[in-house]
Structure formats: C-alpha cells, structure tokens
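What follows is a set of notes on a single structure, which appears directly below.
The values are calculated or read from the model by the stated rules, or taken from the named source; none is laboratory data. Worth saying up front: this structure is predicted, and the values here are computed from it rather than measured. Positions of Cβ are backbone-derived with ideal geometry, glycine not excepted, and every protein chain shown enters the neighbour counts. For accessibility, only protein heavy atoms count, side chains too; no ligands or nucleic acids. Shrake-Rupley method; radii C 1.70, N 1.55, O 1.52, S 1.80 Å.
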Amino acid sequence: MTTATTTPRTPSATAATTTSPGTKIPLSAASASTTTLPSLTGLRWVAALLVFGLHVHNFGYFGGTGGHVVTWAFGAGASGVSFFFVLSGFVLTWSARPNDRALGFWWRRIARIYPVHLVTVVIALLMTCAPVHQARPTLRQGLADVLLVHSWWRPWWQTLNPVSWSLACEAFFYAAFPLLALLLRRLGARGSAALAGASVLAVLALAHTETHHWFSQPISAFPAARLPEFVLGAATARLVLLGRWRGPGLEGSLALAVIGYFFVPQVTAGYPATTCTVIGFALLIPAAAVADVHDLPSLWRHRRLVRLGELSFAFYMVHLLVIRTGTTLLGKSPRFGLPTALTVTAVAFTVSLGLSWVLYEAVERPARRLLLRKSRSAAARKPVPDTPSPSAPAAATDRVTR
C-alpha cells in the first residue's frame, strides 16, 4: 500500500508542470519528487474500504437481502489489493530519488511498513492466546510472517495477521525495484509503453494458466505472480514523467475501473479476477496523478479523504483483527437482519478506524521519523564532496510512502 504525497506542492514543482496535460514536457526527477499527488492518497482509502467491505461480506454479518447487496457491492473487494500493487509501482517510480542507492531505498521501505507490521504481529500473537478463533502458528510460520516471506509458501500465506500476505508481495517488489528503476531510466516512452503492455499480457497469461489449473496451487498471493501489476504501475509512472501519457481523463478512467470492478463476478474467483480491473486501475492512477500535477478538478483530493488515505495502511493492517475478534461475541456468519448488521458493521468500522489513528500517530509516523533520522544522521557524518550532485529533498520519500 503506497501513499502519495499529501503536503502542499512547492512553487517550483508547480511551475515545472503548469502546461496542459497534452504537452510533451517531461518532469525532472527532482520536480516529480516534490510534486504532491493527494488524489492517489484519497483513492487509496477507497481501495482499503473495498477490502474492509469484502471481509464484512466474508464474515457473514448480513443475511437476506442485505447479504445480496453486500455481495454485489463488495464481493469483488479483493481487487483493492490489486489497486495497491499498481499504485505502489507508480508512486515508488514517481518519487524515486536521482542517484539513489538500493540500501537507502530499502531502509526507507522498512521504516515505512515494518513498525506497523510488527505491532500487528504482536496483536495477532496475543489473539492466539484468547478464544477468538485464531490458530497458533508454529515457530517457522511465525518467523516467516515476521520476515515477510510467508506468501511464498501457500499453506502459510495467512499466518497471524492474514492481510500481511500482501506485505510479503510488497517486500518482493521492493527487493526488485532498484533493478526495475535502473531499467526504466534507460527506457524511453516507447519502451515504457511496451513494458506496460507486456505487464498486462503477463497478467492475462497467468490468469489463463490458473483458470486451466496449470499450477498445483492458487497463485493470487504468490509474490512473483503479482509482480506484473507493480511493474505496470511503474511503467505508467514513467510515461507520465516523460510527458507521454495519453490515457483517458479522470472521469473516463474511473468509469472503466468501476465497470471492471463489477465485471469480476463473471470470471473465475482468485487471480483471474485481476484481469477485470488491472487495466482500469492502470488508467485511473495516472489520470489522478495528471489531475494533481495540472490542478485539474479531482474529488479524490478532498482534505478529509486524503486524511483517511493517510490512515489507510494502518486501517488495512488492523481491521481484519478487529473483525476476527468480534467472532467471540457474534459467532461465525451470524447473518443478522439489516438493522443489526449495519450496527455491527459500523462498530467494527469505528473501532478499526480508531485503532488505525492510534497506530498512525503513535507507531507509524514516529517510528518512521526515528528510523530515517538515524540514517540521515549517518549520511550527514560522511564527507561532503566539493561539487554536490543534485538530489531530491530528503523529505520527498517520507511523503511518498506505503
């Protein structure tokens, strides 16, 4: 889950991008990393909400007609994770620092995701000691989860905090990103477009092979199988940076994404569902970025929506633990009537949102500042060359986070 920047755009960044969306003027790396993309942060909250709705659906809060409505609205909510993967590739490419080193990049990623991950691991471990239907993992399973490698082995993919399987995928993306960034820097517009097309074809091919049972186990949580979505986001970001993006506007791309979302029930469940939404997401994310760069109207830039987007990573990581805890009182698949189901859902949402605020303010932000401050202090102690090389501001990657 990658968050776009949310602080106000600097005058220099705005001045660098005030041309019309159709012009072919590329953004410099420095101006891109100081250009904020709040619409992407707002959209990230919508994706997190889809995943929350999916889990409410899976835990069977709603019975009768309410259950049918929730299935219609959120049965395809797993596609929110696909949105995160595409978004992650886009934002990391957008905010990549000139002359950045792999170790520095990886440390910033650790500082961004690991504190909240470890806290939720501890919460999940405590839940295994309570009657909340949480299986206790073996030592190897627990270590695999902590190290974010558990999704590589299907029987372990939902160890402890089940949603952390996507973090294992992201960890793999982060490991591969320095090489991907090196490739993208050498690609022009045609090469980036070709890479984007190849990524879409890879998604289609993987979906075809899973549909026809060519794999011994499902691949929806297998990190290597989700890499094309990440690469697709990175390639589209490169096109925007080069000033060569030619996708539809925000309204048109949103319509295509919504159509794809509601087409998901028509295909085989699991990885094949990605084929319905990946193109819409790959169009929507750049369109929202272009809208922010050129100050075009965007609903997703609303201040409250952006604030919720800032909380979305913590919300994503904690909400399923809250819902699972509720099974001790509600039982499994209670199938309530509409008033009771709405009340229970509202309580689960409110508790999850409250805990996400606590995690964001007490864990995520201070831990990231602490870890990055140490790395900056170490960098500051190094000898300064006589002729400093241009680089993006140190705070840029802090504002573009997972």
The whole-number value in µm²/s of the Stokes-Einstein translational diffusion coefficient for the range 130-220, with Rh from the Kirkwood sum over alpha carbon pairs at 25 °C and 0.890 mPa s, is 156
Using the alpha carbon gyration tensor of the range 64-186, what are the three equivalent-ellipsoid semi-axes (square root of 5 times each eigenvalue), largest first, in whole Å?
30, 22, 12
Euclidean distance of C-alpha centroids, the range 242-305 and the range 122-182, integer Å:
28
Percentage relative contact order, the range 51-118, counting C-alpha pairs under 8 Å, at least six apart
29
How about the range 279-363: which trypsin sites (Lys or Arg not before Pro) there are in a DSSP loop, with at most 10 other Cβ atoms within 10 Å of their Cβ?
LYS332
The range 216-353 accessible area per residue, 1.4 Å probe, protein heavy atoms, integer Å², reads 41
Hey, what did the range 28-151 get for relative contact order, percent, Cα under 8 Å, at least 6 apart?
25
Could you work out the local net charge near HIS57, counting Lys and Arg as +1, Asp and Glu as -1, over the other residues with Cβ closer than 14 Å to its Cβ?
+2
Under 5 Å between amide hydrogens, which residues at least 5 positions from ILE219 or on another chain qualify, with H placed 1.01 Å from N in the peptide plane?
TYR271
Checked the range 196-264 with the C-alpha gyration tensor, a ≥ b ≥ c its square-rooted eigenvalues, rounded below a/c of 1.5, otherwise prolate if a/b is larger than b/c and oblate if not; verdict oblate
